[in-house]
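**Student:** Here it is, the structure in full.
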Amino acid sequence: MTQPVGSRLPLAVLRKITLHPFGPFGHSKGMAIASDKGASDLAELVRDYQAGVWRYLRFLGADESLCDDLTQETFLAVWKKPFVDHAPAATRQYLRTVARNLYLMSLRKRGRQPTLERIELADEVWQELAGDDEESMLEALRECVEMLNGRARQAIDLCYRNNRSRAGIGREMELSDDGVKSLLRRTRELLRRCVEEKRSAEQ
Amino acid sequence: MSEQHELRQELEDRHTDQALQELLGGRCPPDLTTRILSAARPARRWRSRRRQVALAATVLATVGIAASYVIYHRHQRASASQIATNSTAAPTKHDVAQLPDKNEPTTNADGGNANDAATSQSGSQTNGIRPKLAALVDEFNKLMHERRFAEAQVVAKRAAEIAPESPGSPETLVVQQLKLQLRMVSRTEDYRKIRDVKQEGYVAGLNGISTVDDQRPYQFGDLREWRRLTQSRKVYPVADLTTKLPTADEPSILYPDPEVWRMLADRRKKYKAVDLSEQSAMEAKILAALDERTDLDFSEQPLTDVVEYFKQRHDIEIQIDSKALSDEGVGTDAPVTRHSNGITLRSALKLLLGDLELTYVIRKDGMMITSKAGAERLLEARAYELMDNSATKRLRTPVWLKYKNVPLKQVVEDLGKLAQLPIQIDFSSAAKEKVTADTPITIELTSEISTKSALDLVLQPLHLSYVVENGGLRIRSTIDCVVDANHDRYSRIIENPFLSVGEHPLSTFGVDVDTASYAKVRRYILQEGELPPPDAVRIEELVNYFDYDYAPPDNDVPFATHVEVAACPWQAENKLLRIGLKGREVPEEERPAANLVFLLDVSGSMEPDDRLPRAVRAMRLLVERLRENDRVAIVVYAGESGLALPSTAGFQKERIASALDSLHAGGSTNGASGIRLAYDTAQEHFIKGGTNRVILCTDGDFNVGATSAGELELLIEERAKGGVFLTVLGFGIGNHNDELMEKLADKGNGNYGYIDSEAEARKLLVEQAGGTLVTIAKDVKAQLEFNPRLVAAYRLIGYEDRVLPPEDFNNDKKDAGDIGAGHTVTALYELIPAGQPVNFPEADELKYQRPAVLTEAAASDELLTLKLKYKQPDGQESEKPLIVSVRDSKLSFDRATADFQYAAAVAGFGMLLRDSQFRGNLTYGAVREIAEQTIGRDPQGRRKEFVQLVRQASALDARRMNQKSK
């Protein structure tokens, strides 16, 4: 099974990374092309935060290739502006803001009128559920999944591990499509509560 | 607010879904570090290239060929102008710069083009070609600008002809760009045209609407006009995409007159699916309760408590489908929080259950709270009337008839041949209308008509009709056809009236030990939730269903007689007479050997679990009771009959059980063929002095072969003379032919039981196995002679189809009922004492005779004399009659024995179900009260069940009355 990028790239606890204040182009005032120091800072920033940005964009509704593009654009946009990585939480928040704006722009470019309320609510939900520690959330979820049993576990495994369609799951479990949908939704709800409990207990 | 809540839930769900995809499905964020870093390093060039491509695409879409030069230039580092001018002179910066001047947007798009182009002059020059190509390009541009695309296409082709065919050469690339440009612009133009056409069509359609006459709003044109319109749309200018274009309706749609419209709607109603099922009492109660107001005041209360609250408040049955809830991940103790007052129960349930993604289903026996997926599993079978398609089609076959006094049978046969349709006449039913096979038919048609109309013309004057059955027709009396529509078939019961003792001093009847009617009534009321049809209620079978505490005979007589008289509970001035017979008990070890033939109907209609599978289980119960010297054979019948198990000794129980288990239902029903084979088998292994019995298990739906009731009765009657008795066990409901089965049992020296449950099977085949296996007396007849001094009139309650003319009492050739070992038989008479007014008309006084004078015996205090006649099981002549004189004990009803009172209550229940004219002031409440007080010893709980039955019937009757009053 492929490991999440985040799990291979432990987050820096607190770090101060100073990127080149004006990025490679020089925003203005004729600044020089990015130095090696700037490039390495960017590499570190990307390594630490790209998974979170990508997940966030995916959560907002972008498809995978758009997530790739927008994640790239996000880091490039941040890089060319004066930016100081004071604290991971603030950096994450800043990156998410940039990513969200880029996503909204991409929607508008494609002639879609995004609902700001929805995006804001999505942001709020993301903050509540993932918070600043997605890795611990995933770990808690992994433990909660292990605790599942019976038909709920069977449905989750068929859907996510075996990548079976809803109809396929329905055939195997003798449920209608709606029944499968409902069962999966209910189980996800259970898992979400379990994760919340685990994380609040940890805190 | 709720939208926001739903959206939040959706987002939360999506978040978990995404995390699970990552965690379990491996859809992790990719590592984009390299990509981002490489994008950051040559950022300027990357941005520049992206911008160039974007701008070029914009230009291409708007201004034409110049863009192709730009792209060409970007990729090949050579400008079109260079190509165009190379033949005469070397390209200069000025020449290169000229192109952007002519194509403003391109020039503005990227100011660095000129320099780039200048520094990347191509060395490929072909003298003579390039000037021509340049000229053609100019011409192409001009034509495109003027939107003369067809001509531009010709120019592009010419350019392609002169350009050298070397892949990658600048000339080839220019030509390719010309073609691409042409294709792109042409396509854009096509789309524009289509868009315009759509718009025009839409506007024209809207305009067309205003021309419709509001007075005649719905008028469709005739079919040919529709076809013409459809065809015209197919030749719309832009070929492939036109079929979806809206067009004005020209001419406008003409709708029919309102009357025609109404007629069409009415016709559709006729074919509307008809739900033949009726609501049970509980269903009706729940449906009414759903509209009642209720209050919600729950904070974190378990679902079970909430359900309990609704159950008590609305007095309805609610169950929780815990398995379905568990599948959904909802516990029965899921917390519920809701506060709302004065809403309907329906809304309250919707709110509460909606939160938990649950729903409810209303069933006959109560409401079930389940998941949405669970609700799909709780589907209910409903019956819809369907026509038999093949027969219906054949009924349209045109026929022409000309008959004069031709027998009906011949006419029907001819019609059947013409329409290639099997038509059968049920002569026993037709006889009710005094129609026989030879009834003359005279009909002369002047033209061809459909077979259906011809049949109607022939049958209607004879009060006959037909039903479609198994791809053919069955002609019956119109009344029977209507009864057929109710599926279960019952013979009509006309209650015995009061008879004047003066005119009818003798009352004679044959005993009956059948109990099928009670089991059927119970099934209707408790399982189907409806009152039984009156003709399904045979009061004597209801009374005889119960055991009464009669003492068995203490002498050689096969049965003991017990008579009791007391006041009548529903007509206080009248008397109620009870005659009870108790058959001699035969201990199991003294039981003679039995030769049994199980005759099982395995036709398709026996497939449901309450039919063949239940019959098999019942037979297995009986097999368990068999001894080693008994024998069992199994005959099955469907389309054909066969011997599933040859006569086998009773000790081979496993073999018999295995043969029973291997039976499966399927096919049509040729009952007659099976009955013949069963009797043949029984005769073949006949045990002299033993019990020889065919046990027929069927739903009575005979539909192939000699299956008219009359023919089957004759067949059975004939075979019964050979000393083989018959037990008929009925199964299932819906197409149960009660009428036929009762007659078969009657004619076949047998008894008839209906098995509606496993408990009933056990009662008939285990507890009362002695009665089933051992007959102690046959053709038992009772005759009562009433004393006219004390009795004015009498009425036999029930036994309507067992009443015999007085002379048959002494006629041994006349068949009557049989009594098995341990059987109890009870008969009730209602008597009007002399001196009480009688409410029936009496005949005029005779002109030539005087009424009989009273004998001395009449002066005694004897109410009546009861005579009982019977034959030994293997005898052909009756034994000496038993005679019992009965006196009036002048007991009030409540001083009578408990069994007397209980039997009266059961008979009263039957009268209420039949809506009898003699019910007097009897009510369900009174019946229940009597029955409850006289339950007595009831080890099997059958008497308590009866009380429950009365209560349920009372509720159903109240509902029926409510519906009537509405």
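**Student:** Under a Cβ-only charge scheme (Lys and Arg +1, Asp and Glu -1), can you give me the dipole magnitude of the stretch A:45-157 about the Cα centre, in debye to the nearest 20?
**Tutor:** On the way: 16 positive and 20 negative charges, 127 e Å.
Using only the charged Cβ atoms, the result is roughly 600 debye.
**Student:** Give me a single rounded figure for A:74-81: the average over its residues of other chain Cβ atoms within 10 Å of their Cβ. Display every interim value, and only then the final one.
**Tutor:** Working: counts 1, 7, 6, 0, 0, 5, 2, 0.
The mean count of partner-chain Cβ atoms within 10 Å per residue comes to 3.
**Student:** If we sort B:547-554, A:105-112, B:356-363 on the protection proxy, mean other Cβ atoms within 10 Å, highest first, what's the order?
**Tutor:** On the way: B:547-554: 15.0, A:105-112: 11.4, B:356-363: 19.5.
Final packing ranking: B:356-363, B:547-554, A:105-112.
**Student:** May I ask you to derive the FRET efficiency for B:Asp938 and B:Asn839 from their Cβ-Cβ distance with R0 = 60 Å, giving the value to the nearest 0.05? Please list the in-between numbers first.
**Tutor:** Numbers: r = 38 Å, r/R0 = 0.63.
Here the calculated transfer efficiency is 0.95.
**Student:** Further question: Just the Kirkwood number for the stretch A:66-186, please: inverse of mean 1/r across all distinct Cα pairs, in Å, one decimal. Could you put the intermediate results ahead of the total?
**Tutor:** Working: mean 1/r = 0.0568 Å⁻¹.
For the stretch A:66-186, inverting the mean 1/r across all distinct Cα pairs yields 17.6 Å.
**Student:** Does the stretch B:575-647 come out rounded, prolate or oblate, given a ≥ b ≥ c as the square roots of the eigenvalues of its C-alpha gyration tensor, rounded meaning a/c under 1.5 and, failing that, prolate meaning a/b above b/c? Present the calculation step by step, with values, prior to reporting the outcome.
**Tutor:** On the way: a/c = 2.64, a/b = 1.42, b/c = 1.86.
Here the stretch B:575-647 falls in the oblate category.
**Student:** Less than 14 Å Cβ to Cβ from B:Arg850, Lys/Arg counted +1 and Asp/Glu -1: what total charge do the surrounding residues give? It would help to have the intermediate numbers written out before the result.
**Tutor:** On the way: positive: B:Lys847; negative: B:Glu503, B:Asp844, B:Glu845.
Computed value for this residue: -2.
**Student:** Hey, what D do you get for the stretch B:483-565 in µm²/s if you plug the Kirkwood alpha-carbon radius into Stokes-Einstein at 20 °C and 1.002 mPa s?
**Tutor:** Values: Rh = 16.0 Å.
Taking Rh from Cα pairs, D becomes 134 µm²/s.
**Student:** Then there's this: When the convex hull of the Cα atoms of the stretch B:399-439 is projected onto a plane and the area is averaged over all directions, what value comes out in nm²?
**Tutor:** Numbers: hull surface 12.0 nm².
Answer in nm², one decimal: 3.0.
**Student:** So, one more: Where nothing but the Cβ of Lys and Arg (+1) and of Asp and Glu (-1) is charged, how large is the charge dipole of the stretch B:492-603 around its Cα centre, in debye to the nearest 20? If you can, show how the numbers build up before the last one.
**Tutor:** On the way: 10 positive and 20 negative charges, 57 e Å.
Dipole size: approximately 280 debye.
**Student:** Can you figure out the FRET efficiency of A:Glu117 with B:Glu161, using R₀ = 60 Å and their beta-carbon distance, to the nearest 0.05? Kindly include the intermediate steps, with their values, before the conclusion.
**Tutor:** Numbers: r = 61 Å, r/R0 = 1.02.
The formula returns an efficiency of 0.45 here.
**Student:** Placing one identical point scatterer on every Cα of the stretch B:830-960 and ignoring solvent, what is log10 I(q)/I(0) from the Debye formula at q = 0.19 Å⁻¹?
**Tutor:** Values, matching the q order: -1.14.
**Student:** Is there a simple number for the mean count of other chain Cβ atoms within 10 Å of the Cβ of residues in B:830-838, and what is it? Present the calculation step by step, with values, prior to reporting the outcome.
**Tutor:** Details: counts 0, 0, 0, 0, 0, 0, 0, 0, 0.
Averaged over the peptide's residues, the number is 0.
**Student:** Give the dimensionless ratio obtained when the Cα radius of gyration of the stretch B:429-477 is divided by 2.2 N^0.38 Å. Walk me through the numbers before you get to the answer.
**Tutor:** Details: Rg = 11.6 Å, N = 49, 2.2 N^0.38 = 9.7 Å.
Dividing the Cα radius of gyration by 2.2 N^0.38 Å gives 1.20.
**Student:** Moving on to the next point. Over 28 Å between Cα atoms: which of B:Lys432/B:Lys747; B:Lys582/B:Lys688; B:Lys653/B:Lys814; B:Lys575/B:Lys867 fall into that group?
**Tutor:** Working: B:Lys432/B:Lys747 20 Å; B:Lys582/B:Lys688 26 Å; B:Lys653/B:Lys814 39 Å; B:Lys575/B:Lys867 20 Å.
Beyond 28 Å between Cα atoms: B:Lys653/B:Lys814.
**Student:** Under a Cβ-only charge scheme (Lys and Arg +1, Asp and Glu -1), can you give me the dipole magnitude of the stretch B:791-945 about the Cα centre, in debye to the nearest 20?
**Tutor:** Numbers: 20 positive and 25 negative charges, 63 e Å.
Result for the stretch B:791-945 is approximately 300 debye, rounded to the nearest 20.
**Student:** Give the value in nm², to one decimal: projected area of the alpha carbon convex hull of the stretch B:407-461, averaged over all directions. Mind dumping the intermediate values first?
**Tutor:** On the way: hull surface 14.9 nm².
Mean shadow area of the hull around the Cα atoms is 3.7 nm².
**Student:** On average, how many beta carbons from a partner chain sit within 10 Å of the beta carbon of a residue in B:325-332?
**Tutor:** Numbers: counts 1, 3, 10, 8, 14, 3, 0, 0.
For this peptide, the per-residue mean of nearby foreign Cβ atoms is 5.
Bear in mind these aren't lab numbers, they're just calculated from the coordinates by the rules spelled out. Just so it is clear, the structure is predicted and the values come from calculations on it, not from any experiment. Don't worry about glycine lacking a Cβ; one is built from the backbone with ideal geometry, like all the others, and counts go over all protein chains shown.
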